[in-house]
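Data block below; observations after.
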């Protein structure tokens with residue numbers, strides 16, 4: 001088995017940077033601990049701050065398989081863990097009946113063998129893999145309901161799954177687990193307790209600029225600075241949904257597509273829908289408020305340039 | 001406190017086992033009256049346990065009874081107090097069992113203990129003593145019923161209709177007790193999860209195949225249907241000055257509802273919003289209410305409904321209304337900010353929940369019309385409008401929540417208004 005997990009916080013940071021993910025040192029620390037102590041990492045934060053991205057980057061840079069479990073209400077064992085292939089099982093029964101060469105017991109043990117098992121994400125994740133343990137991404141856990149959360153408790157603490165007909169399957173080594181939540185529901189303490197918790201916050205201006213340079217290399221320096229300045233200002237306004245990093249990136253890309261090299265009030269008004277997703281918020285910012293914010297941003301950038 | 005072995009133990013001087021039995025029974029009843037769930041089975045268990053451990057040491061005796069009678073951490077303070085008062089109070093001992101050595105020093109510690117005795121326990125002890133008075137030593141089993149019921153039936157009937165505002169302290173106390181036993185069935189809704197159901201509409205392949213194999217190929221289809229479950233309940237209660245008489249009893253109601261089911265979230269607001277969900281989860285109502293009182297700082301002050309709802313919408317609605325919650329909004333609609341910004345926030349609240357029900361104590365007046373600016377702002381955005389001023393109206397809530405309700409379609413009515421002015 002390949003052992004390429006980082007051995008220090010700095011290495012973790014470098015690893016994420018190699019995957020074009022600009023992370024805070026605090027996040028790298030939490031991730032390093034999770035990798036080191038082989039416990040799940042629970043990431044909570046507003047939508048669009050890059051929670052899911054971490055798992056993807058991790059799988060890519062560590063060259064592991066990414067097993068993704070997207071949660072939704074009513075997610076059950078049949079679609080999250082395993083399911084029997086009923087059609088094949090029935091054909092098998094029919095064949096056995098026609099041939100008449102098998103007893104009921106032997107048939108029973110036969111059709112409940114691994115051949116007829118459909119493996120779903122959780123089961124896939126605890127299977128051993130020659131490339132190293134996979135990265136298991138349990139995305140948007142808050143979308144599922146409490147019964148599934150309770151089931152996860154067993155999986156996340158012992159990394160074993162019990163199939164009544166087959167027995168217990170245990171992971172030889174626990175997978176790298178990343179759990180994300182948008183907080184549309186409170187996750188039970190018992191589950192959080194089993195994980196390392198990290199609140200993914202909006203980045204500060206310096207880091208956001210860094211992210212923008214990595215993610216949208218085509219944007220001019222002036223545009224990037226203005227975009228970051230504007231978004232940072234926007235996050236201080238009382239809005240229903242603040243723009244995340246994903247929105248910043250989208251907005252910059254949109255502006256590039258419109259051939260803008262700098263922000264002007266009209267461009268902001270025209271593309272505000274990329275940044276803000278609630279009508280109330282857009283109505284509040286569009287027009288004079290946006291112009292005021294933009295002037296402030298420009299003044300700040302100008303004074304920052306004059307100083308050095 | 002740590003009892004020493006030199007403390008008198010309950011049966012040291014008395015070989016009379018039957019007295020001990022009586023005593024234990026009385027102790028158990030006292031605990032039960034104070035709210036601990038103790039049935040006859042537990043009393044028998046306690047007797048067995050005491051027999052097994054012996055009554056040689058006071059601390060052993062304490063922990064023996066503790067292990068039998070207490071099954072939740074939050075019952076412990078009550079048990080502790082009850083134990084120390086019951087097994088030490090000379091009067092009780094003389095009167096009811098006369099088997100323990102007359103007394104302990106009336107030391108300061110003892111007095112303190114009694115002073116901080118919870119009122120509920122004091123009542124329970126009082127009741128116990130009163131029962132003990134008449135037929136010392138011989139208490140027929142039937143008395144259990146009366147012991148439990150603090151009030152007679154007709155008392156309850158009368159109490160139902162009295163306005164909370166007009167209740168005396170004792171009446172309010174009994175009302176609180178009635179409220180704490182209240183059940184609030186909420187209509188269960190189909191979830192996306194399935195349960196076996198012989199008349200279900202979907203075929204459960206896994207169960208069918210397993211059954212088929214067991215029975216040897218007889219094709220019997222197993223079926224399943226969506227499981228049903230009650231939606232989350234969110235209670236937002238006004239605790240401003242104009243509501244103060246109601247909010248205290250509503251708090252008891254909130255506690256009863258919280259402890260009756262999962263997925264209940266409670267908020268209080270006056271000038272600011274406080275989430276009290278965690279505090280109300282404490283099983284003991286007195287402790288829970290005390291904790292709430294510690295946390296909330298704007299009791300009986302002004303009201304800023306719009307501001308508080310805005311805070312709720314921004315901070316909490318996405319976290320707890322996600323799964324189609326029913327919202328109970330308890331307020332008289334009198335707003336210090338005179339309804340400023342309220343319409344928008346109530347509309348948003350209504351649009352993010354399954355049902356918004358406004359409980360208003362002012363509705364007890366037949367002539368009440370929502371004329372205050374706050375009430376006017378709230379009215380167009382609620383699904384149901386109910387009084388909440390006496391026990392009967394609280395109990396009536398059942399009929400609202402147990403049935404599917406009408407939902408107001410704001411968009412449609414506004415459109416209709418525009419078309420036919």
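All of the numbers you see were taken from the coordinates with simple rules; none came from a lab. For clarity, every value in this text was computed on a predicted model and none was experimentally measured. FYI the Cβ positions are ideal-geometry reconstructions off the backbone, even for glycines, and counts take in every protein chain you see.
Once the principal axes of the Cα atoms of the stretch A:171-308 are found, what is the range along each, listed largest first in whole angstroms?
For the stretch A:171-308, the Cα spread along each principal axis is 56, 35, 30 Å.
Using Stokes-Einstein with the Kirkwood hydrodynamic radius over Cα pairs, what translational diffusion coefficient do you get for the stretch A:41-160 at 20 °C and a viscosity of 1.002 mPa s, in µm²/s rounded to a whole number? Write out the running numbers ahead of the final one.
Values: Rh = 16.8 Å.
My calculation gives 128 µm²/s for D.
Going by how many other beta carbons lie within 10 Å of each one, how would you line up B:193, B:319, fewest first?
B:319, B:193
Tell me whether the stretch B:18-92 comes out rounded, prolate or oblate; compute the Cα gyration tensor, take square roots of the eigenvalues as a ≥ b ≥ c, and use a/c under 1.5 as the rounded threshold.
Values: a/c = 1.25, a/b = 1.13, b/c = 1.11.
It is rounded, given that a/c, with a ≥ b ≥ c, falls under 1.5.
How many nm is it between the label spots at residue B:399 and residue A:289, if each spot is 7 Å from the Cα in line with the beta carbon?
Spacing of the two 7 Å Cα→Cβ label points: 4.6 nm.
Among DSSP bridges having both ends in chain A, what percentage is antiparallel? Round to the nearest 5. Could you put the intermediate results ahead of the total?
On the way: 7 of 25 bridges.
Among the beta bridges of chain A, antiparallel pairing accounts for roughly 30 percent.
Starting from the eigenvalues of the Cα gyration tensor, five times each then square-rooted, give me the equivalent ellipsoid semi-axes of the protein assembly as shown, largest first, whole Å.
Working: eigenvalues 572, 324, 172 Å².
For the protein assembly as shown, the semi-axes come out at 53, 40, 29 Å.
Give the calculated FRET efficiency between residue A:210 and residue B:295 to the nearest 0.05, with a Förster radius of 56 Å applied to their Cβ-Cβ distance. If you can, show how the numbers build up before the last one.
On the way: r = 41 Å, r/R0 = 0.74.
The calculated FRET efficiency here is 0.85.
Can you put B:172, B:78 in order of Cβ neighbours within 10 angstrom, beginning with the fewest? Let's see the in-between values first.
Numbers: B:172 19, B:78 23.
The most exposed by this proxy come first: B:172, B:78.
Where does chain A land at 222 nm, in deg cm²/dmol rounded to the nearest 500, when only DSSP H runs of n ≥ 4 count, each adding -39500 (n - 2.57), divided by all residues? Display every interim value, and only then the final one.
On the way: 15 runs with 160 residues, N = 308.
Value at 222 nm, helices only, nearest 500: -15500 deg cm²/dmol.
What percent antiparallel are the DSSP beta bridges of the stretch B:263-421, to the nearest 5? Let's see the in-between values first.
Numbers: 3 of 12 bridges.
Given both bridge residues lie in the stretch B:263-421, the antiparallel proportion sits at roughly 25 percent.
When a/c reaches 1.5 or more, the comparison of a/b and b/c decides; with that in mind, is the stretch A:1-46 rounded, prolate or oblate per its Cα gyration tensor? The partial results should precede the final answer.
Numbers: a/c = 1.80, a/b = 1.16, b/c = 1.55.
It is oblate, given that a/c is not under 1.5 and a/b is not larger than b/c.
Distance between Cα centroids, the stretch A:62-77 to the stretch A:113-157: provide it in whole Å.
About 7 Å separates the Cα centre of the stretch A:62-77 from the one of the stretch A:113-157.
Considering only DSSP beta bridges whose two residues both sit in the protein assembly as shown, what percent are antiparallel, to the nearest 5?
On the way: 17 of 55 bridges.
Of the beta bridges lying entirely in the protein assembly as shown, close to 30 percent run antiparallel.
Residues of A:217-228, mean number of Cβ from any other protein chain within 10 Å of their own Cβ, rounded to a whole number?
Details: counts 0, 0, 0, 0, 0, 0, 0, 0, 0, 0, 0, 0.
Taking the mean over all residues of the peptide, I get 0.
Multiply the residue separation of residue A:128 and residue A:29 by 0.36 nm, subtract the distance between their alpha-carbon atoms, and state the gained length in nm to one decimal.
Numbers: separation 99, 0.36 × 99 = 35.64 nm, distance 2.65 nm.
Extra length from residue A:128 to residue A:29 when fully extended: 33.0 nm.
If R0 is 22 Å, what FRET efficiency do you get for residue A:279 and residue A:246 from their C-beta distance, rounded to 0.05? Intermediate values should be presented prior to the final figure.
On the way: r = 20 Å, r/R0 = 0.89.
So, using R0 = 22 Å, E works out to roughly 0.65.
Alpha carbon centre of the stretch B:164-240 versus the stretch A:230-245: separation in Å?
Their Cα centres are 41 Å away from one another.
Rounded, prolate or oblate: pick one for the stretch B:34-76, where a ≥ b ≥ c are the square roots of the eigenvalues of its C-alpha gyration tensor, a/c under 1.5 means rounded, and failing that, prolate if a/b is larger than b/c, else oblate.
Details: a/c = 2.80, a/b = 1.40, b/c = 2.00.
In terms of gyration-tensor shape, oblate.
Please give the length that would be gained between residue A:115 and residue A:258 if that part of the chain were fully extended, namely 0.36 nm times their separation in residues minus their C-alpha to C-alpha distance (nm, one decimal). Each step should come with its number before you reach the end.
Numbers: separation 143, 0.36 × 143 = 51.48 nm, distance 5.44 nm.
Going from the current span to full extension adds 46.0 nm.
Grab the beta carbon distance between residue B:366 and residue B:314, set R0 = 41 Å, and tell me the FRET efficiency rounded to 0.05. Please list the in-between numbers first.
Details: r = 38 Å, r/R0 = 0.92.
About 0.60, to the nearest 0.05.
Treating each Cα of chain A as an identical point scatterer and ignoring solvent, apply the Debye formula and state log10 I(q)/I(0) at q = 0.07 Å⁻¹.
Reported log10 I(q)/I(0), two decimals: -0.39.
For the pair residue A:78/residue A:37, report the inter-label distance in nm, with labels modelled 7 Å from Cα in the Cβ direction.
3.9 nm
Starting from the Cα of residue A:173, step 7 Å along the direction of its Cβ; do the same at residue A:91; then give the gap between the two resulting points in nm.
Output for this residue pair reads 3.8 nm.
Work out, step by step, the length gained on full extension between residue B:45 and residue B:80: first 0.36 nm times the residue separation, then minus their alpha carbon distance; give nm to one decimal. Walk me through the numbers on the way to the answer.
Values: separation 35, 0.36 × 35 = 12.60 nm, distance 1.90 nm.
Full extension of this stretch gives 10.7 nm more.
Pick from A:78, A:30, A:290: which residue has the top mean-square fluctuation in a GNM of chain A where Cα pairs under 10 Å get a spring?
A:78
If I take all pairs of Cα atoms in the stretch A:134-184, what percentage of them are more than 14 Å from each other? Don't skip to the answer; put the middle values down first.
Values: 760 of 1275 pairs.
Summing the P(r) of the stretch A:134-184 above 14 Å gives 60 percent of all pairs.
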